[in-house]
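The values are calculated or read from the model by the stated rules, or taken from the named source; none is laboratory data. Just so it is clear, the model here is predicted, and its values are computed rather than measured. Note that we place each Cβ from the backbone using ideal geometry, even for glycine, and neighbour counts take in every protein chain shown. Surface areas here come from the heavy atoms of the whole protein model, side chains and all, with no ligands, DNA or RNA. Shrake-Rupley method; radii C 1.70, N 1.55, O 1.52, S 1.80 Å.
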Amino acid sequence: MKLSALRAALAATASVAAVGATLLTASPAGAATTLGASAAQSGRYFGAAVAAAKLSDSTYVSILDREFSMVTPENEMKMDATEPSQGQFNYTNADRIVNHALGAGMRMRGHTLAWYQQQPGWMQSMEGSALRQALINHITQVAGHYSGKIYAWDVVNEAFADGGSGGRRDSNLQRTGNDWIEVAFRTARAADPVAKLCYNDYNIEDWSAAKTQGVYRMVQDFKSRGVPIDCVGFQSHFGSGGPPSSFQTTLTNFAALGVDVQLTELDIAQASSSAYAATTRACVNVPRCTGITTWGIRDTDSWRSGENPLLFDGNGNKKAAYNGVLDALNAAPGTPTTTPTTPTTPTTTPTTTTSAPPPGTCSASVSLNAWNGGFVATVRVTAGSADLNAWTVTLTLPSGAAVTNSWNVQRSGDRWSNVSYNGHVAAGQYTEFGFQATGSGTPAVAGCG
């Protein structure tokens, strides 16, 4: 996001009072004590934008590995970084972030495949059909390189204009034809059949804004015609007042179109605890709001560093806003009921599901993000017609596979059991755990109870 966009975002929120100014009470005994673990209790993630250059900073990495469950590269996957010369791709810094995240048991959001800014010089001078083909090739190569390793892609970023028109932003990409966004999504689906495909933008948090309505109409049109869009990212760069009063309404209305909604670049000027808590509650109150990402970790890492907008100060200490977020996550109602993406012609191992559970028991299903020599498995544990207070999944690994790390679970051989914060699952609801392994093949579910 650029400075002019920030000014527009702050202007849109500065005069809006924070939603729910009263702080939540302290987390109850036994509640999760990190952002990622607290979000996982309701099946969500809590992530951070990460810069490859900061992975040598021990304080930065310590907070990242302890607190977060999702990673977004700040700049390393953008067009100028990944294709600096036409047809010549460079993944060095992006790979460094991906390898660190997956190695630490975190997942990845890809950001971004198509944007009117941060284009390499050679692309900025192109137009028409030549630019269209260059864009298709870029998306195909980059999304294909990371196929199976990305949870969700910001396929297109900031394609709508600010102001009252509700229309598209004028850019070299837009001038290739009004269908360019659709082409980008269809190209991304062909290159990575498993990742969720998102549209990402700022100043679309207020339901009454013309820009919000323009994006809403596009998503509505895409869903009606079968264009593969799975999620909408709300950047959420807020002024000190926090989110607009209609923010939860906006999330709810987009989710009703059949897409997940995610807060993708959250930061709030001066980081008041009430503003952060209100923002978090707006997400957890919407079942299809599947996660939150802050744009940076410490105030000194932020592109808005002068406004101290994040959850950790420059020394890596937790701020009051951290506790506001943690309490809101620990108080999240239920678990998201998002419908999993059904990929077209998948190239990775499909989900395998057990039969429906009888009353008082559970079922388990496994989905994979696989690549040559390894995979990340996500295991969903679904309660039957009665609540679960504890659960154990019996899971057999493929021959030759070896687990390198796991999250939200404790393991003893083939038996995978709940940890303190995810043992209770309401009837008909689910929780998830995951692990990374070397090898290939699909783990087999032998039982759940």
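For a straight C-alpha distance cut-off of 16 angstrom, the aspartates and glutamates reachable from K196 (same-chain residues fewer than eight places away being disregarded) are D154, E182, D230, D260. Within the set of other residues whose C-beta is less than 12 Å from the C-beta of S305, count the net charge using Lys and Arg as +1 and Asp and Glu as -1. Taking every other residue near S305 into account, the sum is -3. For the peptides 373-386, 199-212, residues were scored by their other Cβ atoms within 10 Å and the scores averaged per peptide; the highest-first order is 199-212, 373-386.
Which whole-number value in Å² is the accessible area per residue of the chain, probe 1.4 Å?
I get 36 Å² per residue for the chain.
Each Lys or Arg adds one and each Asp or Glu takes one away; over the other residues whose Cβ falls under 14 Å from the Cβ of G314, this sums to 0. Taking each of K223/K319; K54/K223; K211/K318; K149/K223 in turn, the alpha-carbon distance tops 30 angstrom for K223/K319; K54/K223; K211/K318. Among beta bridges identified by DSSP and lying wholly in the chain, the antiparallel ones come to about 55 percent. A simple rule links phi to the HN-Hα coupling: the Karplus curve 6.51 cos²θ - 1.76 cosθ + 1.60 with θ = phi - 60°, which for region 203-219 gives 6, 10, 8, 8, 4, 7, 6, 4, 5, 4, 5, x, 5, 4, 5, 5, 5 Hz, with x for Gly and Pro. Protein heavy-atom surface of region 86-159, 1.4 angstrom probe: 41% of the accessible area is carbon and sulfur, with nucleic acids and ligands not counted.
According to the square roots a ≥ b ≥ c of the eigenvalues of the Cα gyration tensor, what is the shape class of region 77-219, taking rounded for a/c under 1.5, prolate for a/b larger than b/c otherwise, and oblate for the remainder? The shape class here is oblate. Our helix-only sum for the chain, with -39,500 (n - 2.57) per DSSP H run of n ≥ 4 divided by its residues, gives a mean residue ellipticity at 222 nm of -8500 deg cm²/dmol. Taking the chain as a Gaussian network of alpha-carbon nodes connected by springs under 10 Å, the highest mean-square fluctuation of the residues D170, D260, D192 belongs to D170. Calculate the translational D of the chain in whole µm² s⁻¹ from Stokes-Einstein, where the hydrodynamic radius comes from the Kirkwood formula applied to all Cα pairs, the temperature is 4 °C and the viscosity 1.567 mPa s. In µm²/s, the coefficient is 58. Considering only alpha-carbon pairs that sit under 8 angstrom and 6 or more positions apart, the relative contact order computed for the chain is 17 percent.
I want the local charge near F185. Using Cβ-Cβ distances under 13 Å, sum +1 for each Lys or Arg and -1 for each Asp or Glu among the other residues. So the surrounding residues net to -1.
Between M79, M126, M108, the residue with the greatest mean-square fluctuation in the GNM of the chain (Cα pairs under 10 Å linked by springs) is M126. Note on the chain: GNM, Cα springs under 10 Å; of S42, S412, S367, the largest mean-square fluctuation is that of S412. Placing a pseudo-label 7 Å from each Cα along the Cα-to-Cβ vector at S385 and A426 gives an inter-label distance of 1.9 nm.
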